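Enquirer: To start, I am sharing the structure in question, which I have written as structure tokens.
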């Protein structure tokens, strides 16, 4: 999930346009209804001046805090600091979302230019001794200030943020830290751009129709359209985007082409060319370790985890290794079943990594008489989205209504007005669902504006689902259905936030808690009662039959050994890289191979993300990829409360909304969880739902 900080005042009106098209729209509150970004007025030349003006504005506000002769208190220091960057929040919200969702060469070039500038600006604030003295003065008096729980959390977050940013270091150490931060900011952009380039560069053209054997007609139609769009009419083009790669690996009878697709995917950033990431990630790991040790930690993982629910790497590794003991044996058993299926075909072939998806689909058919292509017609994107909206309405009373005339950055983007049960505005919600060359892979939630006090948020979900082709709409796989519900769960966390301060609102929570709202929302997607609401055949309008629902539920734990093992392997790889206390002579691929060998990972399974394309850990999930599994314990345990009392029980839903979704980071996450559930989470529900107990 990509997270940026935004704050703008909401407005009302009739038409979506800027009042002064010639002016820079970022330099004042957006003159649009509800303060949405005026994408129709924003130009490339607006960004850099807005960043520079935003830096100037924040510097002036910081200086005003320092120069204030009144005794430092929560309002004149902490709140003033939390509200010190309106211009930067506006421009950063738009700019960094576009560099992920609709980038261009010009935006990429500008992001590289701005990275060290913004890093220096952040450091100038964090390492400002006079400002830190003001913050510390408030922190030292916190017991006597009669602060609310949320105010205490914000104060602690601000104070700890300064300390973690190096405020207590000497001048020489601070200078080195500044240099490290600058380098890291540029390396992160370079790493991500290399992956985007690799994704866009790989093109698997199929010229002979017989090489399409096994592939669904819908995928072939889409591939033909892709080829035509790339000037190769009469051929079929398959890419590394999930919507193309995964079904190709699932259904293509041509084993050599499956191998080609698979190897292209797992070797991204590892082709010894201009997009190679081996040295980039090695440099990132080395610099992170140096930063952590400058700040008094033995390794980068402990620096990161000091600010989470887990607290330290020992607790995380115990958690991951415990799960590994359940997952690997199940994955090995699944591999044996796949090999038996291959043996029955009599080809004398040994199971390889590029065979896993293909024979898993065959085994699904054998075990459950179910094929994904049989159920996809019931999962038209628009219907699934409406299903997610209906669930939110039944749980929380909210409604989402499509809003026309809102400026957007691409024709694929749609917007919705979100209102509470009493008709009051909760926020504006953008969706952007289809892959394209300017969008990085994956799915995420982000903000154009964050909630605070009476200011309502502007939230977006960005995904990469199968595009509609001709008369065939976008039809989702089960995994894509759950992804849509997942990202909408993040959106609900932002939209239903009811906090006083931006720094504590919405998804501004510790990393290993942030996935609870998203992952619990997935549970409703496959409930029979919910499926009957939205799973309608796109051609006939027929509601999904009970027979298919039973098959979907029966195979709920199918292939979970593989799914859990590849996820765990990536999480452990992430932790191992950031548990290092020395990086001398680090060869990232040799280290990855050694780490996986120690785990006993079988050859036919690779980590979900290998080191050279592990975008999560270059972004906000460094020493944090375990969070998906950590939160999976929380979400499975939390969903038990709904199952016990009814999946739409009003009291349970109100409790979850009020104690988790509305509270953001305004209280300790375990306190929030126990306020909802009445006790700490237990592991059993997760193991059961993954078929491991």
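The values are calculated or read from the model by the stated rules, or taken from the named source; none is laboratory data. A quick note: this is a predicted structure, and the numbers were derived from the prediction, not measured. Cβ sites come from the backbone with ideal geometry, for glycine too, and all protein chains shown count toward neighbours.
Enquirer: Could you grab the pairs with beta carbons closer than 6 Å, sequence gap of 6+ or different chains, first residue in region 645-664 and in a loop (DSSP other than H, G, I, E, B), second one surrounded by 14 or more Cβ atoms within 10 Å (Cβ to Cβ) and modelled with pLDDT under 95?
Expert: none
Enquirer: Can you confirm whether region 325-344 contains a residue that is out of contact with any strand residue (DSSP E or B) (no Cβ under 9 Å at 6 or more places or on another chain), modelled with pLDDT of 95 or more, buried (at least 17 other Cβ atoms within 10 Å of the Cβ) and not in a helix (DSSP H, G or I)?
Expert: The answer is no, given that none of the residues of region 325-344 is out of contact with any strand residue (DSSP E or B) (no Cβ under 9 Å at 6 or more places or on another chain), modelled with pLDDT of 95 or more, buried (at least 17 other Cβ atoms within 10 Å of the Cβ) and not in a helix (DSSP H, G or I).
Enquirer: Something else: Being within 21 Å of residue 620 (Cα to Cα) and in contact with a strand residue (DSSP E or B) (Cβ under 6 Å, 6 or more places away or on another chain) is the filter here, so list the residues in region 497-523 that pass it.
Expert: Result: 502, 505.
Enquirer: Considering only region 191-224, state which residues are touching a helix residue (DSSP H, G or I) at 6+ places or on another chain (Cβ under 8 Å) and free of Cβ contacts under 8 Å to residues at least 24 places away in the same chain. Step through it out loud before you land on a result.
Expert: Residues of region 191-224 that are touching a helix residue (DSSP H, G or I) at 6+ places or on another chain (Cβ under 8 Å), as a first pass: 191-195, 198, 202, 204-206, 211-212, 214-216, 218-220, 222-223.
Selection gives 220, 223.
Enquirer: For the condition out of contact with any strand residue (DSSP E or B) (no Cβ under 8 Å at 6 or more places or on another chain), in contact (Cβ under 8 Å) with a residue 24 or more places away in the chain and in a helix (DSSP H, G or I), what is the one hit in 581, 564?
Expert: Numbers: 581 fails: in a helix (DSSP H, G or I).
When all the criteria are applied, what remains is 564.
Enquirer: Being part of a helix (DSSP H, G or I) and surrounded by 19 or more Cβ atoms within 10 Å (Cβ to Cβ) is the filter here, so list the residues in region 56-78 that pass it.
Expert: Initial filter on region 56-78 (part of a helix (DSSP H, G or I)): 56-67, 74-78.
Hits for region 56-78 are 58, 62, 65, 74, 77, 78.
Enquirer: I'd like the full set of residues that are farther than 14 Å from residue 166 by Cα and assigned to a helix (DSSP H, G or I), limited to region 279-299. Don't jump to the end; show me each part of the working.
Expert: Filtering region 279-299 for residues farther than 14 Å from residue 166 by Cα gives 279-287, 289, 298-299.
Correct list: 279, 280, 281, 282, 283, 284, 285, 286, 287, 289.
Enquirer: Sticking with this structure for a sec: Go through (1) in the same structural domain as residue 323 (by TED's automatic domain parsing); (2) surrounded by fewer than 19 Cβ atoms within 10 Å (Cβ to Cβ); (3) in contact (Cβ under 8 Å) with a residue 60 or more places away in the chain; (4) not in a helix (DSSP H, G or I) one by one and return the number of the condition residue 601 breaks.
Expert: Every listed condition holds for residue 601 apart from (2).
Enquirer: Test residue 627 against the criterion of being surrounded by 14 or more Cβ atoms within 10 Å (Cβ to Cβ) and either at negative phi or touching a helix residue (DSSP H, G or I) at 6+ places or on another chain (Cβ under 9 Å) (or both), and give yes or no. Show your work before the answer.
Expert: Working: surrounded by 14 or more Cβ atoms within 10 Å (Cβ to Cβ): yes; either at negative phi or touching a helix residue (DSSP H, G or I) at 6+ places or on another chain (Cβ under 9 Å) (or both): yes.
Answer is yes for this residue.
Enquirer: Starting from residues that are free of Cβ contacts under 8 Å to residues at least 40 places away in the same chain and under 35 Å from the mean Cα position of the chain (by Cα), keep the ones in region 130-145 and report whichever is farthest from residue 62 (Cα to Cα).
Expert: 142
Enquirer: Please verify whether residue 363 is modelled with pLDDT of 95 or more, outside any helix (DSSP H, G or I) and surrounded by 15 or more Cβ atoms within 10 Å (Cβ to Cβ), treating the condition exactly as stated.
Expert: Numbers: modelled with pLDDT of 95 or more: yes; outside any helix (DSSP H, G or I): no; surrounded by 15 or more Cβ atoms within 10 Å (Cβ to Cβ): yes.
Here the answer is no, as residue 363 does not meet what is asked.
Enquirer: Here are some residues: 411, 407. Which one is surrounded by 18 or more Cβ atoms within 10 Å (Cβ to Cβ), out of contact with any helix residue (DSSP H, G or I) (no Cβ under 9 Å at 6 or more places or on another chain) and over 20 Å from residue 530 (Cα atoms)? Working first, answer last.
Expert: Numbers: 411 fails: surrounded by 18 or more Cβ atoms within 10 Å (Cβ to Cβ).
None of the others qualify; the one that does is 407.
Enquirer: Has region 80-92 got any residue that is closer than 29 Å to residue 412 by Cα, in a loop (DSSP other than H, G, I, E, B) and at pLDDT 95 or above? Spell out how you get there, then give the answer.
Expert: First, the residues of region 80-92 that are closer than 29 Å to residue 412 by Cα: 86-92.
Still in the running and in a loop (DSSP other than H, G, I, E, B): none.
No; the residues of region 80-92 include none that is closer than 29 Å to residue 412 by Cα, in a loop (DSSP other than H, G, I, E, B) and at pLDDT 95 or above.
Enquirer: What single numbered condition from (1) closer than 14 Å to residue 414 by Cβ; (2) outside any loop (DSSP other than H, G, I, E, B) fails to hold for residue 482?
Expert: So residue 482 meets the others, but not (1).
Enquirer: Let me ask something else about it. Taking region 30-51, which residues are part of a helix (DSSP H, G or I) and either surrounded by 17 or more Cβ atoms within 10 Å (Cβ to Cβ) or touching a residue at least 12 places away in the same chain (Cβ under 8 Å) (or both)?
Expert: 33, 34, 35, 44, 46, 47, 48, 49, 50, 51
Enquirer: Go over the candidates 223, 243 one by one and state the one that is over 30 Å from residue 591 (Cα atoms), surrounded by 16 or more Cβ atoms within 10 Å (Cβ to Cβ) and modelled with pLDDT under 95.
Expert: On the way: 223 fails: modelled with pLDDT under 95.
Residue meeting the stated conditions: 243.
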